[in-house]
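In what follows, a structure is listed as structure tokens, so that the remarks can point back to it.
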Amino acid sequence: MSTPKRAIKVNTHPGEILSEFILKHNNLSVQKASELLGVSRPNLSNIVNGKSAISPKMAIRISKVFGGKPNIWVRLQTAYDLRKAEEEFENENIRLEKYETA
């Protein structure tokens, strides 16, 4: 397997990973990959463009068609969502104090 030439960002959407490491590596268009996965082209396009999340059901589809374990895709999505939420939380400047027990 060749390594993609472009570096992965710090908080990369798992759809970008799917695009870089699965679709591009296998010379698959979004249309062909959507057919293999049994989903609509717009659905897969939204995922690979970071506009939609990889759901647990989509993770199962990816693992059945391209191999691997579905939990990897679910964990990638959860990690992405958490990093995004942390960034948004920081930008909102919410001040909270830790609860200390007596």
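The values are calculated or read from the model by the stated rules, or taken from the named source; none is laboratory data. Computed from a prediction, not measured in an experiment: that's the story for all the values here. Glycine also receives a Cβ, built like all others from the backbone with ideal geometry; neighbour counts cover every protein chain displayed. Quick note on the areas: whole protein, heavy atoms, side chains included, nothing else; ligands and nucleic acids left out. Shrake-Rupley method; radii C 1.70, N 1.55, O 1.52, S 1.80 Å.
Shape analysis of the chain yields a ratio of the Cα radius of gyration to the Kirkwood radius, Rg/Rh, of 1.11.
For the chain, the longest principal axis of the Cα atoms and the long axis of helix 56-66 meet at an angle of about 40 degrees. Largest first, the extents of the alpha carbon coordinates of the stretch 21-71 on the three principal axes equal 23, 22, 18 Å. Against the chain, whose longest principal axis comes from its Cα atoms, helix 70-91 is set at around 40 degrees. For the chain, a simple Cβ point-charge model (Lys and Arg +1, Asp and Glu -1, everything else neutral) yields a dipole of about 680 debye relative to the Cα centre. Per-residue ellipticity at 222 nm, computed for the chain from helices alone with -39500 (n - 2.57) per DSSP H run of at least four residues, works out to -16000 deg cm²/dmol. Within the accessible surface of the chain, defined with a 1.4 Å probe on protein heavy atoms only, the carbon and sulfur portion equals 52 percent. Which of N49, I72, L37 sits farthest toward the positive end of the charge dipole of the chain, with +1 on the Cβ of Lys and Arg and -1 on the Cβ of Asp and Glu? Going by the Cα projections, it comes out as L37.
Full extension of the chain between N49 and R83 gives 10.5 nm of extra length, using 0.36 nm per residue less the Cα-Cα distance. Over the chain, accessible surface divided per residue gives 73 Å², non-protein components excluded, 1.4 Å probe. A Förster radius of 25 Å combined with the Cβ-Cβ distance from K57 to K24 puts the calculated FRET efficiency at roughly 0.60.
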